[in-house]
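Remarks on the structure that follows.
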Amino acid sequence: MRPATRAVHLGRPPHEPDQPLNSPITMASTYVAGGDREYGRYTNPTWTAFEDALGGLEGGRCLAFASGLSAVGTVFDLVGHGEKVVAPRHAYNGSIMQLADLELRGRVTPHLVDITDTEAVVAACDDASLVWLESPTSPAMEVADIPAITTAAHEAGAYVVVDNTFATPILQQPLESGVDLVVHSATKYIAGHSDVLLGAVITRDDQLYEVLKGRRDLFGAIPGTFEAWLALRGLRTLPLRVERAQANAQQLARRLRERRDLAEVRYPGFGAMIGMVLPTGEVADLVQHSTELWVYATSLGGVESTLERRRRWKSEAVTIPEGLIRLSVGIEDVEDLWEDLSQALDLAGR
Ligand SMILES: Cc1ncc(COP(=O)(O)O)c(C=O)c1O
């Protein structure tokens, strides 16, 4: 099955008389003993349906988590005491904050790199135990050479993880490049409607799968049943949404690059996230408060377009320009998006 078909058909009950077409919401804290399920912290049929579908799209076995960050934290927990973690200097600030917190407690030794500098990343892999990649990165929109870094990391004996939230499995399947673990904030494109928090880890390595499942069982960072069901419902249209949002983003990036009032437009050519850099933080603030259609909000990957000046967060890297606005392009009509964005830019530039 091709991805668009997989997104629609995986994770459904068998095609048998009287079976529902969709996986039901199974609300259960426990199960009748004697089978494989036993208790609600270990598994749930609605999670499994979601995991089968997302795992099928990424090409591995999936574990759903309570949020993207609980998935991230469970992966960082694989790192042995004091061991080295290579990570992007620009990445989702929550992931970087987790690393900083682990460093503070002596748990890991982070080594932050510019992931576009493959040579530097490869050199940093030496004596690392985990290489964390996000590609494209939030909010700098940098892209890593995943196959080259994976080869070097494996030679050094390190695991490689890719946060695939921005690209989604529709545009990038890191496991195909030999990456050990893929992480998602399924809150974003996977669920796709800004109404759910959910995370996921996907792997082809059975041993890693069992270790991560063991951590989830033990610490209880489990998804809500309704959240898993909503995310599965959202995932059914992931290929359509990504295709449309990406087409909109490509149009918008091209038009934004023609404007003279932007210092820079960061768009890697794929996906639906854009970084546009205004001359100052003040002008960027004006822009984000002057749109009517684009919603000023954090988060991304919903059907609706949102925008946000990232340095409004104290935790954002200081090397991110003050004037950078991150655009999450939705699936609206691109002309409406353009009209609204250009009037806000015009207004702020006056
Ligand atoms: C790239 C990326 N990874 C991870 C996360 C964390 O996910 P969550 O908010 O679902 O915990 C986010 C959230 O913004 C993100 O953008």
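Mind running the shape call on segment 279-329? Use the C-alpha gyration tensor, a ≥ b ≥ c as the square roots of the eigenvalues: rounded below 1.5 for a/c, prolate if a/b tops b/c, oblate otherwise.
Values: a/c = 2.49, a/b = 1.39, b/c = 1.78.
Oblate shape, in that a/c is at least 1.5 and b/c is the bigger or equal ratio.
At 222 nm, what value in deg cm²/dmol follows for the chain if DSSP H runs of at least 4 each add -39500 (n - 2.57) and the sum is divided by all its residues, to the nearest 500?
Numbers: 12 runs with 133 residues, N = 350.
For the chain, the value works out to -11500 deg cm²/dmol.
Can you give the FRET efficiency for GLU155 and ASP77, using 1/(1 + (r/R0)^6), R0 = 22 Å, r = Cβ-Cβ distance, to the nearest 0.05?
Numbers: r = 24 Å, r/R0 = 1.11.
Here the calculated transfer efficiency is 0.35.
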Consider just the alpha-carbon atoms of segment 204-257 and return their Rg together with their Dmax, both in angstrom.
18.2, 50
Among SER95, SER185, SER315, determine the one that fluctuates most according to a GNM of the chain built with springs between C-alpha atoms less than 10 Å apart.
SER315
GNM, the chain, Cα, under 10 Å: largest mean-square fluctuation among ILE190, ILE96, ILE115?
ILE96
Give me Rg over Rh for segment 150-230, both radii from the alpha carbons and Rh done the Kirkwood way, two decimal places.
1.00
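What translational diffusion coefficient, in µm²/s and rounded to a whole number, does the Stokes-Einstein relation yield for segment 1-135 at 10 °C and a viscosity of 1.306 mPa s, taking the hydrodynamic radius as the Kirkwood radius over Cα pairs? If you can, show how the numbers build up before the last one.
Numbers: Rh = 17.9 Å.
Rounded to a whole number, D works out at 89 µm²/s.
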Leaving out ligands, DNA and RNA but keeping every protein chain, what accessible area does VAL196 have, in Å² rounded to the nearest 10, with a 1.4 Å probe?
10
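Just to confirm, what accessible area per residue do you get for the chain at 1.4 Å probe, in whole Å²? Intermediate results must be reported in sequence, preceding the final value.
Details: 15190 Å² over 350 residues.
Roughly 43 Å² per residue, with all protein chains present.
Would you rank TRP294, TRP229 by solvent-accessible area, highest first, keeping every protein chain in place and using a 1.4 Å probe?
Values: TRP294 5, TRP229 65 Å².
Of TRP294, TRP229, the descending order of accessible area is TRP229, TRP294.
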Probe radius 1.4 Å, ligands and nucleic acids ignored: give me the carbon and sulfur share of the accessible area of the chain as a rounded percent.
52
With point charges of +1 on the Cβ of Lys and Arg and -1 on the Cβ of Asp and Glu, referenced to the Cα centre of segment 210-264, which listed residue (GLY234, GLN246, GLY214) lies farthest in the positive direction of the dipole?
GLN246
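For a test of the definition: using alpha carbon positions, the gyration tensor, and the 1.5 limit on a/c, classify segment 74-219 as rounded, prolate or oblate. Can you show the working numbers first?
On the way: a/c = 1.33, a/b = 1.13, b/c = 1.17.
It comes out rounded by the Cα gyration axes.
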How much of the DSSP bridge set in the chain is antiparallel, in percent, rounded to the nearest 5?
55
Under the √(5λ) rule applied to the eigenvalues of the Cα gyration tensor, what semi-axes describe the equivalent ellipsoid of the chain? Give them in Å, descending.
33, 26, 17
Gaussian network model of the chain, Cα springs within a sub-10 Å range: biggest mean-square fluctuation belongs to which of VAL211, VAL75, VAL160?
VAL211
For the chain, with only Lys/Arg (+1) and Asp/Glu (-1) charged at the beta-carbon, what is the dipole magnitude about the Cα centre, in debye rounded to 20?
340
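Roughly how big is segment 94-182's charge dipole about its Cα centre, with Cβ charges of +1 (Lys, Arg) and -1 (Asp, Glu), in debye to the nearest 20? List each step's numbers first, then the result.
Numbers: 2 positive and 14 negative charges, 64 e Å.
Roughly 300 debye, rounded to the nearest 20.
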Pull up the cross-link candidates among the lysines for LYS314, meaning alpha carbon to alpha carbon under 25 Å and not fewer than 8 places away within one chain.
LYS188
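Counting pairs of alpha carbon atoms under 8 Å apart in space and at least six apart in sequence, what relative contact order in percent does the chain give?
Details: 730 pairs, mean separation 56.7, N = 350.
For the chain, the relative contact order is 16 percent.
The values are calculated or read from the model by the stated rules, or taken from the named source; none is laboratory data. Just so we're clear, the structure is a prediction, and the values are computed from it rather than from any experiment. Cβ atoms come from the backbone with ideal geometry, glycine included; neighbour counts cover every protein chain shown. Calculation scope for accessible area: heavy atoms of the full protein, side chains included, ligands and nucleic acids excluded. Shrake-Rupley method; radii C 1.70, N 1.55, O 1.52, S 1.80 Å.
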